[in-house]
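Data block below; observations after.
The values are calculated or read from the model by the stated rules, or taken from the named source; none is laboratory data. Quantities reported herein were computed from a predicted structural model and do not represent experimental measurements. No Cβ is skipped: glycine too gets one built from the backbone with ideal geometry, and neighbour counts run over all protein chains shown. Accessible surface is based on the protein model in full, side chains and every heavy atom, while ligands, DNA and RNA are left aside. Shrake-Rupley method; radii C 1.70, N 1.55, O 1.52, S 1.80 Å.
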Amino acid sequence: MADVLGKAREEGLGLTFDDVLLVPGYSEVLPSDVLLNVDLTKGFSLKIPFIAADMDTVCGADMARAMAFEGGIGFLWKSDLESQVLAVEDVKNTLNRKIEKPISVLGSQTKKDVLEVLRRYRNRFSSLVVVDEDRRVVGLVTGDKMQFAGEDSFVRDFMVKDVVVASGTTSVVEAYHLMMKRRVPKLILVDEERQLCGMYSFKDVKSIVEGDRHLYNLDAKGRLRVGANVGVNDLGRVERLLKKGCDVLLVGTAHGHSRNVIETVKNVNAKFRKDYDFVLVAGNVATYEGARALFEAGADVVKVGIGPGSICTTRVVSGAGVPQITAISEASRAAKEVGKCIIADGGIRYSGDVVKAIAAGASVVMMGSVFAGTEEAPGESLQIGGQKFKSYRGMGSAGAMTDNASSIERYSQSVGKMVPEGVEGMVPYKGPVKDIIFQYVGGLRSGMGYVGARNILELQGKAFNRVTSAGQIEAKPHDIMGVKEASNFKG
Ligand code: XMP
């Protein structure tokens, strides 16, 4: 079988997803048996090779949390610093074995005060411990009880007084059994003086004791993993995020083969490598030289894709870019030389595109439009003509650049008149992201079965066919009217 990608390189021909198909091969591999775990670096693996894109309509804390629960990871978009720090904290605390410092109020405060406290924590929880002046536990405010109280009612009048407390040394498993027995959603921990010293929440405790922990993407301390875009030249942000336990830093701009990105990678390594454990991703590039330069600067992983995204107009606006299969294949040559790996970012529509991206040399794929519109994607859904939609937009779109300073930096623009490199639109509401991941994992497994790859490493480098326009037509449903949309195919 001719080396389609190598030949295209010699001819200076750029290929993308629909230009190629994987050649089916002898297989003893059952889709259900393939292994999808992949090492981003030595010691940092994902259980499924999927990353949610660092975009303001794709990945905030909810998406990052859901991705890590599924074994992948989400990269938080570069929002204002305080919001991004809170989002990292939010994800890292999701599986908090024990809430070390529960938020508390006094019995003499009012419902109005309580609502203000909850708002400050973005209503992430609805129960607050009630303490006296000496921090001794006297009750619990719960959303259930509070809803019937007037705004000026005192906490002592609507709090639950009969609370279950346990010693501060109670383990998570002991807490689970005690909470099951007493049927309480919160277990307040106290010291010998009955002073507040911690709390367990049943939702967390249950997922730790009963949950599919082996499927989660967890750090060494048992917390969900998360990544974040830190832009360029912002070491203050890097430090704040690392202090909160951020696992992956993405030095990401639209053009990664550039001085700003290279210097930021060097500076981050020089300043933080010895004190913190993190994976440093840099991008985006679309060539061998671009990837090589970022690896040489010290990137652990390089992200690949200039203009393949569903919301991108970079190629039409600037005339620059590389069709994505070729970009992946080129960058992966550099990765192989240094024993590192790349992320294929953008342009994935179907699960088959994931299989092709990995076969072309990627270890992991980043997806925006696939995850946009899910329940966990930021933003409200809206109804149009009886159907639910959510917004999805390019980070270089006029809207994103008007709303976010980081988008202006990412697309090297200056404030004022802008030249957008992305568009804004809507995608149908898709429900929980785990249902989407189920389909993409299923498609990936199926592809690996057809080519006889038992794991991601074996999939990399599998042979491609070139496809003509007739082949492209043949590949999709044809000669049938009124095709119904399937959960993994929209006509
Ligand atoms: P998909 O196809 O998954 O692509 O929706 C997501 C990726 O697209 C990139 N991105 C952009 N590229 N203009 C661009 O040229 C933009 O405004 C823009 N916004 C995002 C980004 O790499 C993302 O992961």
What is the pair-distance distribution P(r) of the range 337-459, computed from all Cα-Cα distances in 10 Å bins starting at 0, with each bin given as a whole percent? 12, 31, 31, 21, 5, 0
In whole Å, largest first, the alpha carbons of the range 216-319 cover along the principal axes 46, 30, 23
Using a 1.4 Å probe, what is the accessible area per residue for the chain, in Å²? 47
At 0.36 nm per residue, minus the direct Cα-Cα distance, what do residue 121 and residue 338 gain on full extension? Give it in nm, one decimal, please. 73.7 nm
Two-site label geometry, residue 41 and residue 389: point separation in nm, points 7 Å out along Cα→Cβ: 4.2
Starting from 0.36 nm per residue, how many nanometres of slack lie between residue 100 and residue 289 once their C-alpha separation is accounted for? 63.2 nm
Estimated Rh, the range 1-142: Kirkwood, alpha-carbon pairs, angstrom: 20.2
Please compute the Kirkwood hydrodynamic radius of the range 242-295 from all pairs of different C-alpha atoms, in Å with one decimal. 11.5
Efficiency by 1/(1 + (r/R0)^6): what FRET value for residue 147 and residue 380, r their Cβ-Cβ distance, R0 = 30 Å, to the nearest 0.05? 0.85
Note down, for the range 118-217, the three equivalent ellipsoid semi-axes (square root of 5 times each alpha carbon gyration tensor eigenvalue), biggest first, whole angstrom. 25, 18, 12
Once fully extended, how much extra length lies between residue 480 and residue 439, figured as 0.36 nm per residue of separation less the alpha-carbon to alpha-carbon distance? 12.4 nm
For the chain, the longest site-free run once chymotrypsin sites (Phe, Trp or Tyr not before Pro) in DSSP loop states with at most 13 other Cβ atoms within 10 Å are removed: 149-491
So, in nm, how far is label residue 165 from label residue 454 when the simple model puts each one 7 Å beyond its Cα toward the Cβ? 5.7
Run down the lysines and flag those whose C-alpha is under 22 Å from the C-alpha of residue 266, throwing out any fewer than 8 positions away in its chain. 42, 78, 243, 244, 274, 303, 336, 340
From the Cα centre of the range 203-222 to that of the range 425-491, the distance in Å is 30
Given labels modelled 7 Å from the Cα in the Cβ direction, how far is it in nm from residue 132 to residue 277? 4.4
Rg/Rh ratio calculated on Cα atoms of the range 400-484 (Kirkwood radius): 1.13
Of 169, 483, 125, which is farthest along the charge dipole of the chain in the positive direction, counting Lys and Arg as +1 and Asp and Glu as -1 at C-beta? 169
Dmax and Rg, reported as Rg then Dmax, of the chain (C-alpha, Å): 24.8, 79
From highest to lowest solvent-accessible area (probe 1.4 Å; ligands, DNA and RNA excluded), 388, 145 read 145, 388
Compute the separation of the alpha-carbon centres of the range 109-140 and the range 347-415 and state it in Å as a whole number. 37
Compute the FRET efficiency between residue 220 and residue 418 as 1/(1 + (r/R0)^6), taking r as their Cβ-Cβ distance and R0 = 41 Å, and round to the nearest 0.05. 0.45
What dipole magnitude, in Debye to the nearest 20, does the chain give about its Cα centre under +1 on Lys/Arg Cβ and -1 on Asp/Glu Cβ? 460
Volume per residue (Å³) of the convex hull spanned by the alpha carbons of the range 312-370 is 78
Of the accessible area of the chain, with the probe set at 1.4 angstrom, what percent is carbon plus sulfur? 51
Relative to 2.2 N^0.38 Å, what does the C-alpha radius of gyration of the range 196-273 come to as a ratio? Two decimals please. 1.49
Per DSSP, the loop-located GluC sites (Glu not before Pro) within the range 350-431 having at most 15 other beta carbons within 10 Å are 380
Where does the range 1-58 land on Rg/Rh, using Cα atoms and the Kirkwood Rh? 1.08
PRE zone check, label point 7 Å out along Cα-to-Cβ of residue 463, amide N under 11 Å, scope the range 7-47, hits 23-26
